[in-house]
Every structure is written in structure tokens, then in C-alpha cells.
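Encoded as C-alpha cells, the structure appears first; notes follow it.
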Amino acid sequence: LFATGGEFLKGVVAMDGMPPADRIEVCFAGRSNVGKSTLINALTGRKALARASNTPGRTQEINFFTLAGSHYLVDLPGYGFANAPVAVVAKWQALLKAYLAGRPSLRRAFVLIDARHGVKEVDEQIMSLLDASAVTFQTVLTKADKVKDADRDAALDQTRRALARHPAAYPELIVTSSEKGWGIPTLRATI
Ligand code: GDP
């Protein structure tokens, strides 16, 4: 699936721009700066597949990538900007809701959590939306190279406690570092 890298297909700003739901699809969600672009690039083995700089005012696009012509990997816009304009947040939430409810081919969401910070209120909101949309999600800890073992274990405990509150949560966590390549084979195999 990952042997040929990934191909950027399109950025979508409304439901009518979505490609046909004709293949297996997984999506990636996370707070801005969680390391989502870097992780997607590490997964696909490409340097600049997902744009690694997100700015708060930027158009909130849902980016579709194809994997081996058989799967879609979907990069959802980062959330949780401190000073995001209300209108931008509202538009993003509406598109996200429509996307999660409207993609029968969506098999799983991956929710990225920074290993240094654990699950925050905005992450809980996304998890609740995934519950309500009946989209199974799996949590991926990012930047594990940046924390001491004890701090990472604390983040894991905190995350597990949060997941227990979410019926759509898949219990198994994947710990990753894009920098070190940790967990990347596991995440690929999971997809
Ligand atoms: P995004 O906003 O979620 O797409 O986050 P980015 O992928 O742009 O990453 C945000 C920052 O974290 C960048 O400076 C990355 O170089 C850094 N970063 C991402 N992943 C890792 C990682 O696994 N380890 C370390 N040490 N830094 C990372």
C-alpha cells in the first residue's frame, strides 16, 4: 500500500467537491502543530506530500491523497487555533460534520495527540463528534521522541482515561515519532 508513496489528489472545501466514495478511506485529525503533516509524510515516505505549515487564516481544505490507487488517505484541517476567527471555526466544523456523516467508505479516523500534552478539550470535542458520527477512531501519540519515558507514560494513562469516555474509540494506542520513525510501520500495517 505504501510502496509507491502517495499521490495528492485534491483539496476539498465543500461536500460537492469530494471524490466518489469508491474505495477504502482513512482520515487524520489533530490540533494544529500536533505533527500531522510530518506524520503523513513519514507514512507515505514523501518529503512534501502534506504541507507542513498550516496558518490559522488559511483556507480550511480537506486534502485527499491516493495510496496505491486503492485507498484514500484524508488529511483533515488542523483544529484548535488559539485565535482562529469564529467564522473560520464554524465553517470548518460544518464541513467536518458533513464529511464524517457523508463518507460511507470511511473506515477509521486517526486522532493525533501530542505525547507532551495529552488529550485537550478540543481533542475531546473531535472525539465526541466521531462518537456521534459512528466513526471508529484510533489515537496516535506524536512526537514521542520529545518526552521522557515517565512523561510519555503519564500521557498514555491520561489518554487511555479519556478514550474510555468515547464509545467510538478503538482501545489500542499507537505511539509514534516521525523524527525517529517509531511506530510508523505499525501505523502503516494498521491502515
Ligand atoms: P501539523 O500542524 O500538525 O501538520 O504539524 P507539523 O507536521 O507541521 O509539525 C509541527 C512541528 O513539529 C514541526 O516543527 C515539526 O518539525 C515538528 N515535529 C513533527 N513531528 C515530530 C516528531 O516526531 N518529533 C519531533 N521532535 N518533532 C516533530
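PRE reach from T136 (point 7 Å along Cα→Cβ): which of the range 1-41 fall under 19 Å by backbone N?
22-29
Shape verdict for the chain, please, from the Cα gyration tensor: rounded (a/c under 1.5), prolate (a/b greater than b/c) or oblate.
Cα axes put the chain in the rounded bin.
To the nearest 20 Debye, how big is the dipole of the chain about its Cα centre, given +1 on the beta carbon of each Lys and Arg and -1 on that of each Asp and Glu?
Approximately 240 debye in magnitude.
Determine the shape class of the range 103-187: with a ≥ b ≥ c the square roots of the Cα gyration tensor eigenvalues, call it rounded for a/c under 1.5, and otherwise prolate if a/b is greater than b/c, oblate otherwise.
Oblate.
If I take every Cα pair under 8 Å that is 6 or more residues apart in the range 7-190, average their sequence separation and divide by the length, what percent do I get for the relative contact order?
23
Have a look at the DSSP beta bridges in the chain and tell me what percent are antiparallel, nearest 5.
Beta bridges within the chain, antiparallel portion: roughly 35 percent.
Among all lysine pairs in the range 7-190 that are eight or more places apart or on different chains, how many have alpha carbons less than 27 angstrom apart?
Step by step, the pairs that qualify in the range 7-190 add up to 24.
Readers should treat all values here as calculations from the given coordinates under stated rules, not as data from a laboratory. In this text the structure is predicted, and so the values were computed from the model without any measurement. We place every Cβ from the backbone using ideal geometry, glycine too, and count neighbours over all the protein chains shown.
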